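The structure appears right after this line, and notes come after that.
The values are calculated or read from the model by the stated rules, or taken from the named source; none is laboratory data. Keep in mind that this is a model prediction, so the values were computed, not measured. Backbone-built Cβ (ideal geometry, glycine too); neighbour counts: all protein chains shown.
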Amino acid sequence: MTKRKAGWLDLRSLFLWLGGKPVAHRRMMYMLWLAGLLLLGGGFQYINDGTESEWDQDIENVPSVDMVDVNMPIGQIKITAGKTYGEFIKSARVMTPYLVGFLAGIEGFELEPYQDSRGLWTVGIGNRSTKYGRVGPNTPWMSPLGAYELARWHLEEKETYLLMYALMSEYNLSLTPGEFIGLASFAYNGGAQMFEPMRPENVANAKMAAENKASNAASKLRWTALNRLYKVRGNDLSHDDVAQIFQRYPILAPGRVLRALDDGVRGVELGNTLAWYLRVGDRIAPGLVWRRWMEANLIAGKINVSDVISCPIRGGYEFMQYADAIGAPLIKNRKINYNDAARFKKWVKNPVSYDRYTKKSSPIRYLKSIASVMPRRIAALYRPENIKHLDVDEKDMAFASQVRTDQSGRDA
């Protein structure tokens with residue numbers, strides 16, 4: 001006879017014992033047994049098997065409501081590069097919870113790994129890699145805090161904010177909250193190539209082929225050098241470091257968005273440059289249409305941070321469908337339809353679909369809010385009283401757009 005290990009629960013014996021009792025007694029005993037298990041396990045909660053528990057332990061970077069200056073006058077928040085990456089992070093980190101929320105509304109919020117439309121393994125907020133390597137079918141699922149922390153790491157430590165810092169430092173940019181979130185989302189979507197597209201090298205014109213090859217080589221060398229130096233210096237990476245790298249490997253073929261920023265173009269015109277980035281291969285991707293529309297309207301100051309945080313997860317797609325049905329497409333002929341901004345502000349308060357044949361609207365009830373999936377501390381930042389300081393009107397936008405700050409902190 002096999003000897004049972006001490007301390008092991010013999011489930012077979014338990015259920016046989018329960019089977020000989022009256023139904024009511026069995027039900028009561030089962031509930032007591034379940035309650036005991038829940039008490040030992042800490043109750044119902046998201047389960048993390050410990051493989052990626054580092055995400056949940058690293059909570060010092062998750063801000064509290066007290067870290068946000070809600071009394072700052074509206075329209076006076078600006079994100080600047082400063083003298084070092086550390087100074088930039090202090091300025092930009094206040095925006096991280098709202099940028100993560102915006103990205104969750106676009107990319108989704110998935111705690112288990114899944115394959116996206118291109119068959120690529122993804123987890124969290126559109127992330128295909130973690131600190132521990134590429135995402136795959138065996139990547140453990142994570143808690144909401146783990147998903148938030150993974151997105152924060154991608155922004156602040158892996159790529160997006162380093163790219164934003166380099167461009168803001170090199171081009172002397174000072175951004176409003178809407179501009180920062182719109183452009184950072186644009187960068188998060190495709191990296192440096194969103195601002196400096198790779199040029200075709202196999203073209204018939206020999207001179208053009210050589211120029212394109214030189215441009216592509218300079219781009220790769222620049223961002224490789226910047227990443228290597230960042231790994232060495234971290235938050236001490238300075239404006240002078242960036243300037244030297246850009247001088248050694250200059251941007252030879254900037255994209256439309258970067259050319260506009262360099263020329264001082266802001267607001268509606270800057271937003272319109274995003275309408276050229278809608279394709280995946282040879283086709284227009286619907287997901288990029290509503291993403292670019294939201295980014296452009298944030299950049300132009302037509303919608304506010306509070307508006308996009310109020311939009312349900314993937315609600316932008318439903319709003320795009322609604323706008324198409326009423327004959328007001330979000331983007332047409334590579335122009336952003338800014339007239340849809342007022343409709344969007346109303347729509348997020350009462351999301352509806354529209355039937356063009358019956359000409360009737362019906363409420364959409366199956367969408368999740370961004371706040372409902374976020375860790376509680378982050379969700380608290382999305383309350384109206386904790387987000388209103390980030391909203392700017394077009395007058396504030398015009399003022400902020402005129403401000404160019406040099407590296408000494410004086411208005412240029």
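Structure values in brief
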read-out	value
Count - residues of segment 163-201 that are out of contact with any Phe, Trp or Tyr (no Cβ under 9 Å at 6 or more places or on another chain), hydrophobic (A, V, I, L, M, F, W, C) and surrounded by fewer than 24 Cβ atoms within 10 Å (Cβ to Cβ)	2
Verdict on ALA204 being of a type in the set (Gly, Ala, Ser) and in a loop (DSSP other than H, G, I, E, B)	yes
Qualifying residue in segment 382-395 (condition: exposed (fewer than 15 other Cβ atoms within 10 Å of the Cβ), in a loop (DSSP other than H, G, I, E, B) and modelled with pLDDT under 95)	yes
Tabulated pairs, segment 346-368, first under 16 Å from ILE303 (Cβ atoms), second surrounded by 10 or more Cβ atoms within 10 Å (Cβ to Cβ) and among the hydroxyl-bearing types (Ser, Thr, Tyr), C-beta under 8 angstrom, 6+ apart or interchain	TRP347/TYR322; VAL348/SER310; LYS349/SER310
Flag if ASP236 is of a type in the set (D, E, K, R), touching a helix residue (DSSP H, G or I) at 6+ places or on another chain (Cβ under 7 Å) and buried (at least 19 other Cβ atoms within 10 Å of the Cβ)	no
Enumeration of residues in segment 335-360 that are in a loop (DSSP other than H, G, I, E, B) and over 24 Å from the mean Cα position of the chain (by Cα)	ASN339, ARG356, TYR357, THR358, LYS359
Unmet criterion (only one of (1) over 30 Å from VAL232 (Cβ atoms); (2) surrounded by fewer than 19 Cβ atoms within 10 Å (Cβ to Cβ); (3) at pLDDT 95 or above) for GLY105	(2)
Helices (runs of 4 or more DSSP H) enclosed by segment 224-300 - at least 2 residues per element that are within 23 Å of GLN321 (Cα to Cα)	267-272, 286-300
Qualifying residue in segment 278-288 (condition: outside the structural domain of ILE106 (by TED's automatic domain parsing) and within 28 Å of ALA192 (Cα to Cα))	no
Of the criteria (1) β-branched (Val, Ile, Thr); (2) crowded, with 19+ Cβ neighbours inside 10 Å; (3) assigned to a helix (DSSP H, G or I), which one ILE303 fails	(3)
Members of segment 319-334 that are in contact (Cβ under 8 Å) with a residue 24 or more places away in the chain and assigned to a helix (DSSP H, G or I)	PHE319, MET320, GLN321, TYR322, ALA325
